[in-house]
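Where a number appears in this text, it was derived from the coordinates with a stated rule and is not lab data. Everything numeric here is computed off the predicted structure, so don't read it as measured data. Note that we place each Cβ from the backbone using ideal geometry, even for glycine, and neighbour counts take in every protein chain shown.
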Amino acid sequence: MKQTKFSNIHKQFGAKLVEFAGFEMPVQYTSIIAEHKSVRQSVGVFDVSHMGEIIIKGEKALDFVQKITVNNAAKLEIGKVQYSAMCYNDGGIVDDLLVYKISDNEYMLVVNGANKDKDFNWMKENNSFGVNIIDESDDYSLLAVQGPNSQKVIEKLLGEEINVEYYHYFNSKLMDIDVIVSRTGYTGELGFELYFKSDVETAEKIWNSIFEAGKEFNIAACGLGSRDTLRLEKGFCLYGNDIDETTTPLEAGLGWITKLKKGDFIGRDVLVKQKEEGVKRKLVPLIFEQRAFPRHNYEIKANGEKVGHITSGTVSPILEKPIALGYVAVEYAKMDETVHVVIRNKEVNAKITKLPFV
């Protein structure tokens, strides 16, 4: 297993460590619910250095990014970030990702850690533009500072007021090293992600300086467990659960990032056809009134027949109710429709609702 540069810190903080995306990662420090509430109510910090950073350089960098992603990267300006996805020829999703425009000839693609090697190889296979594709994932550390008080923490850390819009970034310095400060995150709260390259000693100093800046806000170290419950309360997709190579962006409710009119991209023909004909299933949010714990792959039934399956589920720490995402046949994917989830051989009622849950 690989370790991030914060491995010693996680052990000092008493983290429960698990293998994730080939890394030893903290799943929780105190409890998932406590960490979840810290982010919703104040501020928390996640080590997400397992994510992949792939640099695209060259005169045709934009052409390449346009070819492999579904969103319109031509709309990006330097300092702007875009949520996007990459598809196979059949419309199935390779990965979802963030696209950063660094310069006219350089982009940074931030991909899921578990998919990094697959994504990198897929990009190289589809490089008909002569661009340089460089995997810098092992060089970067990435910390996510998330929650309503996150901006105050970042301002104390940098010693200046900041005014940056959602899905934008700026360059700064910490401990004399270059840092990309990005107003992004996976929690649905005000938040920032810090990308930097450093040795272990400097990385630990940066972590400690964030916690010093956040002391007055009871800043909390947070693990992958609360990251998952936080993103699910907002209805954000998780690759491997809610989206994968068998699902298309249109089925997954990601039509808003799928720009079919931007020109050719991998998978476009299939997606155009699917848009014209209509999807046969949709990813829907479900909320339960009775006690239950919906889990990945649990069967969804209606009128005594299987009509879909759960992709992600938990008990919302804020609502204190079970919530889930799942695919259902399109004829049942209506607001306020009641379906039945099979949990331990018992059918539990769930209602299709709207996002976000919280």
Inset, instruction - Let me know the shape class of the chain, please: from the alpha-carbon gyration tensor, a ≥ b ≥ c as square roots of the eigenvalues, rounded when a/c is under 1.5, otherwise prolate if a/b is greater than b/c, or oblate. - result: oblate
Inset, instruction - Determine the calculated [θ] at 222 nm for the chain from helices alone, applying -39500 (n - 2.57) to every DSSP H run no shorter than 4 residues and normalising by the residue count; nearest 500 deg cm²/dmol. - result: -6000 deg cm²/dmol
Legend entry - the range 144-264 - share of DSSP beta bridges that are antiparallel (%, nearest 5): 95 percent
Legend entry - aspartates and glutamates with Cα under 12 Å of K234, excluding same-chain neighbours fewer than 8 positions away: E189
Inset, instruction - Past 24 Å, Cα to Cα, is the threshold; run K262/K334; K301/K321; K280/K351; K80/K261 against it and keep the listed order. - result: K262/K334
Inset, instruction - Sort the range 262-353 into rounded, prolate or oblate with this rule: let a ≥ b ≥ c be the square roots of the eigenvalues of the Cα gyration tensor; rounded if a/c is under 1.5, and if a/c is not under 1.5, prolate when a/b is larger than b/c, oblate otherwise. - result: prolate
Legend entry - Anisotropy class of the range 52-135 from Cα gyration tensor, a/c 1.5 cut: rounded
Inset, instruction - Multiply the residue gap between V315 and V342 by 0.36 nm, knock off their C-alpha separation, and tell me the result in nm, one decimal place. - result: 8.1 nm
Inset, instruction - In whole Å, largest first, what are the principal axis extents of the Cα atoms in the range 1-154? - result: 48, 34, 29
Inset, instruction - Between F20 and N297, with labels modelled 7 Å along Cα→Cβ, what's the label distance in nm to one decimal, could you check? - result: 2.1 nm
